[in-house]
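Novice: One structure, pasted below without further comment.
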Ligand SMILES: Nc1ncnc2c1ncn2[C@@H]1O[C@H](COP(=O)(O)OP(=O)(O)OP(=O)(O)O)[C@@H](O)[C@H]1O
Ligand SMILES: [Mg+2]
């Protein structure tokens, strides 16, 4: 694995909230088409790092590289052009719209960022293109059969799939998912892992997850955060056996 040409890499990330050091000298690297897990106990700093990678928080210091090139940490409006997409903790579909409409709403960003021209006064041609991309995204999460259902009639696991479809519509090279398996049962978690593995054929994936077991099978590399610091990284076996990781998880009963 080449360090310098990683799809995404950060180094020395520091973020404080008032007196609280939420991230301390954090590094992370996601290879092309790699599925990387970011795990750690409650309050470890996972969401803070995730937010820094997708522009919701600006770090106090740190370096950000895309495909080996250093640049500023992204702003949210730059994500589509940078090939980054994310879902957030909590789903947030519009209940009274259809599944397809929900995904198409996600595609509005494409228009404003120039991937699809003349967004706001949308022409029939734009509309058709957004619809086509949205249907493709639904196909990729095996939810094409749900396209015309009202979102508020979906099961909880199906809403999770649709939320991912909404992120896929910009055709990202890096997909970031905050707790995609949160609230799912064992069978749906397995299904989600399979979906993520399939997606990694065409993109890199970063998974934020509280529970280690959920990501063990799907991630080729894990980073473990505890109190804002990376206390271990490596493949599932290495991380699982690491004494500092065991202590961190035992310490919180997670
Ligand atoms: N906006 C904020 N203002 C102040 N403190 C914050 C803010 N966001 C996070 N924190 C604090 O920073 C630390 C890291 O929080 P973060 O949400 O990143 O943890 P996490 O690993 O995502 O936890 P969880 O597993 O519960 O989602 C915590 O102590 C949290 O209370
Ligand atoms: Mg979190």
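The values are calculated or read from the model by the stated rules, or taken from the named source; none is laboratory data. Keep in mind it's a predicted model, so treat the numbers as computed, not measured. Ideal geometry is used to build each Cβ from the backbone, glycine not excepted, and the neighbour counts take in all protein chains shown.
Novice: Condition first: within 16 Å of ligand 1 (Cβ to nearest atom), within 15 Å of the chain's Cα centre (by Cα) and surrounded by fewer than 21 Cβ atoms within 10 Å (Cβ to Cβ). Now tell me which residues in the range 195-253 satisfy that.
Specialist: Result: 210, single match.
Novice: Then there's this: Does at least one position in the range 235-252 carry a residue that is touching a helix residue (DSSP H, G or I) at 6+ places or on another chain (Cβ under 8 Å) and either modelled with pLDDT of 95 or more or not assigned by TED's automatic domain parsing to the domain that holds residue 14 (or both)?
Specialist: For the range 235-252, residues touching a helix residue (DSSP H, G or I) at 6+ places or on another chain (Cβ under 8 Å) and either modelled with pLDDT of 95 or more or not assigned by TED's automatic domain parsing to the domain that holds residue 14 (or both): absent.
Novice: Just to verify a result, which residue in the range 42-72, among those that are in contact (Cβ under 8 Å) with a residue 40 or more places away in the chain and in contact with a helix residue (DSSP H, G or I) (Cβ under 7 Å, 6 or more places away or on another chain), is farthest from residue 21 (Cα to Cα)?
Specialist: The residue in question is 66.
Novice: Turning to a different aspect of this structure: Please verify whether residue 166 is away from ligand 2 (no atom under 16 Å from the Cβ) and crowded, with 22+ Cβ neighbours inside 10 Å, treating the condition exactly as stated.
Specialist: Yes; evaluated as a whole, the condition is true for this residue.
Novice: Filter the range 169-185 down to the residues that are at negative phi, surrounded by fewer than 20 Cβ atoms within 10 Å (Cβ to Cβ) and at pLDDT 90 or above and list them by number. Break it down into steps so the answer makes sense when it comes.
Specialist: First pass over the range 169-185, keeping only residues at negative phi: 169-170, 172-178, 180-182, 184-185.
Keeping just the survivors that are surrounded by fewer than 20 Cβ atoms within 10 Å (Cβ to Cβ) gives 173, 182, 184-185.
Hits for the range 169-185 are 173, 184, 185.
Novice: For residues in the range 137-155 being touching a residue at least 12 places away in the same chain (Cβ under 8 Å) and in a helix (DSSP H, G or I), which is nearest to residue 101 (Cα to Cα)? Outline the logic, then answer.
Specialist: Here is the first cut: in the range 137-155, the residues touching a residue at least 12 places away in the same chain (Cβ under 8 Å) are 137-138, 140-143, 146-152, 154.
Imposing the further condition that a residue be in a helix (DSSP H, G or I) reduces the set to 137-138, 140, 146, 151-152.
Numbers: 137: 12, 138: 11, 140: 16, 146: 11, 151: 9, 152: 13 Å.
Going through the qualifying residues, I end up with 151.
Novice: If you check residue 60 against the conditions, is it at pLDDT 95 or above and on the phi > 0 side of the Ramachandran plot?
Specialist: Details: at pLDDT 95 or above: yes; on the phi > 0 side of the Ramachandran plot: no.
Taking the combined requirement at face value, the residue does not satisfy it.
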